[in-house]
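The values are calculated or read from the model by the stated rules, or taken from the named source; none is laboratory data. Just so it is clear, the structure is predicted and the values come from calculations on it, not from any experiment. For neighbour counting, all protein chains shown are included, and Cβ atoms are generated from backbone atoms with ideal geometry for every residue, glycine included. Surface accessibility is based on the protein's heavy atoms, side chains included, excluding ligands, DNA and RNA. Shrake-Rupley method; radii C 1.70, N 1.55, O 1.52, S 1.80 Å.
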Amino acid sequence: MASTQSLGRVDVAVCGAGPVGLTAAALLAARGVDVMVLEQNETTSDEPKAISIDDESLRVFQQAGIVDKILPIVVPGTGTCYYDRNGDVLFHARGSEPLRFGYPFKNPFAQPDLERALVSALAAAPNVLLRFGTRVTGFEQHPDRMRMRVESAGVEHFLDADYVLGCDGGRSATRLLQGIDMTGRSYSDVWLVVDTLDDPHTERFAMHHGDPERPYVVVPGLDGRCRYEFRLFDGEGAAGEQPSFELIQRLVARYRLIEPHQVERAVNYRFNAVVADEWMIGRSLLLGDAAHMMPPFAGQGLNSGIRDAANLTWKVADVLAGRLDESVLASYQTERAPHALATVRMSERLGRVVMTTSPGLARRRDDAVRRALQTDEGRAYLEQMRYRPGQRYTAGLVVLDGGSDDVGLPIGQPLVFDSVAHDLRRLDEVLGDGWAVIGVDVPESDWAAIQPISEALAARHALVVTRENLPRTSQRVLIDVDGALVREFFRYQGRFVLIRPDHFVAAAWAPQDSTDIAARVLAWTPGSAATSSTERAFSHG
């Protein structure tokens with residue numbers, strides 16, 4: 001190591017400059033963390049891999065302060081339309097509550113555009129250094145840091161970082177060099193993915209065709225781009241093999257005539273359904289495809305990685321800032337792994353049912369869907385995409401009492417009138433990117449007891465009123481303007497709500513319980529957490 005050159009020390013090193021790594025870097029940078037991003041390729045990718053970004057992910061970009069850079073590259077989407085075995089519409093899934101998180105539910109985009117937009121935003125951040133053409137070759141764990149060995153332009157270097165985020169994809173060096181396995185399975189089915197230009201499709205939704213003779217997917221994009229995915233059969237191509245233009249031409253012929261220069265990318269691939277056995281190795285943590293890979297049929301691969309970044313980065317930032325004890329980082333896998341695994345399983349089920357090649361199963365599927373659509377419950381389940389696993393944390397940085405069903409859930413982002421700024425703003429704009437304590441119809445006299453929480457976590461305060469009155473109070477008051485704020489907080493009437501920086505509810509309690517809740521929340525902070533077991537600090541069931 002003595003012959004190598006030092007790159008210095010940073011708060012966080014991010015391995016991989018794909019969308020997940022760049023998003024994690026943006027979130028950390030917005031919280032004042034010094035970040036170095038290491039990418040073995042010389043530039044961002046020119047391969048349009050991911051093609052769907054959802055409302056939760058756009059909200060994350062808002063939190064990072066860069067959503068204005070992302071919105072120009074997306075198509076404001078309207079969900080997914082599913083077709084039966086004969087090509088007739090079965091149903092159109094649009095999500096449950098339009099704009100609950102502040103953005104359209106599901107939005108087509110091109111990954112190269114996203115990566116370029118993220119790099120442009122990070123290049124302007126003074127606390128982010130992007131190093132392309134830099135390959136990670138080794139890790140050393142130390143009690144107070146990670147030492148990384150890297151190679152750039154034939155020269156070996158080492159870099160010290162308080163924490164390392166492995167966002168380096170399915171063949172993650174962060175995972176492989178530290179001997180972490182993945183559990184799950186790889187599928188033998190081969191799919192042709194072709195991204196085309198000058199396409200006639202203008203729909204703002206994805207189209208999943210359950211034709212057992214040839215299942216396929218069509219996803220129109222921005223400015224004439226369109227993704228086609230076709231199931232291949234024996235003799236038509238192997239995974240990793242470059243598909244012939246003649247095959248592409250034949251498969252897209254039902255929709256368009258195509259010339260070779262209108263094929264932006266084409267590849268034959270197989271998909272995986274695997275989850276890493278460990279997501280945290282000492283001071284290194286895995287995100288995105290490094291932690292989990294899933295079939296593409298639910299469009300959740302990239303979005304799951306962005307959820308990882310949203311869950312983890314504020315914890316790292318708060319540990320570095322001294323607000324949280326470093327032991328809380330173990331809550332990352334506790335909270336995210338169950339949802340990631342459920343999403344992998346759901347993606348597998350969609351593939352088996354929607355993309356079946358069995359005529360009998362396709363017929364039974366279509367009949368079952370049509371029967372379900374005749375009931376209110378069935379229609380809501382399908383059209384509101386309730387088959388997608390919901391996020392709820394039942395362990396981790398949450399305080400649960402008696403199986404409470406209103407903790408560990410995300411809070412939406414309604415439009416509110418802010419009594420301090422005297423204007424209409426989205427909730428996240430009012431609360432900022434840190435912790436917040438919301439009192440819902442709570443009297444002025446009850447606020448003093450929550451000061452220990454507010455001081456330890458640097459939390460903002462706000463009073464939400466669910467009735468049509470404006471109380472006389474020293475607190476910031478958030479007023480409902482369209483019913484959405486009341487819908488979000490009505491269940492918490494008469495209670496305090498502790499909202500984490502990732503917009504999940506960490507605790508909800510009656511004012512008389514403030515002293516007890518404060519003690520339990522302070523168990524996550526330095527000093528207090530050190531005297532508690534990990535189980536006690538992370539789960540209050």
Amide H contacts of ARG265 (H built 1.01 Å from N, under 5 Å, at least 5 apart or other chain): ASP195
Would the range 87-145 count as rounded, prolate or oblate if I go by the C-alpha gyration tensor, calling it rounded below 1.5 in a/c and otherwise prolate when a/b exceeds b/c, oblate otherwise? prolate
To the nearest 20 debye, what charge dipole does the chain have about its Cα centre, counting +1 at the Cβ of each Lys and Arg and -1 at the Cβ of each Asp and Glu? 740
Rank-order 385-394, 335-344, 162-171 by packing density, defined as the average count of other C-beta atoms within 10 Å over each peptide's residues, highest first. 162-171, 335-344, 385-394
Expressed per residue, the solvent accessible area of the chain in Å² (1.4 Å probe) is about 41
Which percent of the accessible heavy-atom area of the chain goes to carbon and sulfur, probe 1.4 angstrom? 49
Descending packing, highest mean Cβ count within 10 Å first, for 23-33, 253-263 is 23-33, 253-263
Ranked output for segments 352-360, 138-146, 116-124 by mean other Cβ atoms within 10 Å, highest leading, reads 116-124, 352-360, 138-146
Please list, in chain and number order, the residues 5+ apart from ILE53 or on another chain whose amide H is under 5 Å from its amide H, with Hs placed from the backbone. ASN107, PHE109
Remind me, relative contact order of the range 412-541 in percent, using alpha carbon pairs under 8 angstrom and six or more residues apart? 26
Hey, what do the phi angles of the range 444-451 turn into as Karplus ³J(HN,Hα) couplings, whole Hz, using 6.51/-1.76/1.60 and θ = phi - 60°, x for Gly and Pro? 4, 5, 8, 6, 4, 5, 9, 4
Taking only complete DSSP H runs, can you tell me which helices of the chain stretch 15 Å or more along their own long axis by Cα positions and average at least 0.0 on the Kyte-Doolittle scale? 19-30, 111-123, 301-321
Classify the range 136-279 as rounded, prolate or oblate, taking a ≥ b ≥ c as the square roots of the eigenvalues of its Cα gyration tensor: rounded when a/c is under 1.5, otherwise prolate if a/b is larger than b/c and oblate if not. prolate
Which of rounded, prolate or oblate describes the chain when judged by the alpha-carbon gyration tensor and an a/c cut-off of 1.5? oblate
Output ³J(HN,Hα) for the range 130-141: one whole-Hz value per residue in order, computed from phi by the Karplus curve 6.51 cos²θ - 1.76 cosθ + 1.60 with θ = phi - 60°, and x for Gly and Pro. 9, 10, 7, x, 10, 9, 7, 10, x, 9, 10, 8
Would you grab the residues whose amide H sits under 5 Å from the one on GLU278? Only those 5+ places off in sequence or on another chain, please, with H modelled 1.01 Å from N. ASP181
Relative contact order %, the chain, counting alpha carbon pairs below 8 Å whose residues are six or more apart: 15
Residue by residue through the range 223-230, what is 3J(HN,Hα) from phi via Karplus (6.51 cos²θ - 1.76 cosθ + 1.60, θ = phi - 60°)? Round to whole Hz and write x for glycine and proline. 6, x, 6, 7, 9, 10, 10, 10
What percent do you get for the relative contact order of the range 416-463 when only Cα pairs under 8 Å and 6+ apart count? 38
Using only DSSP helix segments of four residues or longer, with each worth -39500 (n - 2.57), what per-residue ellipticity at 222 nm results for the chain after dividing by its residue count and rounding to 500? -8000 deg cm²/dmol
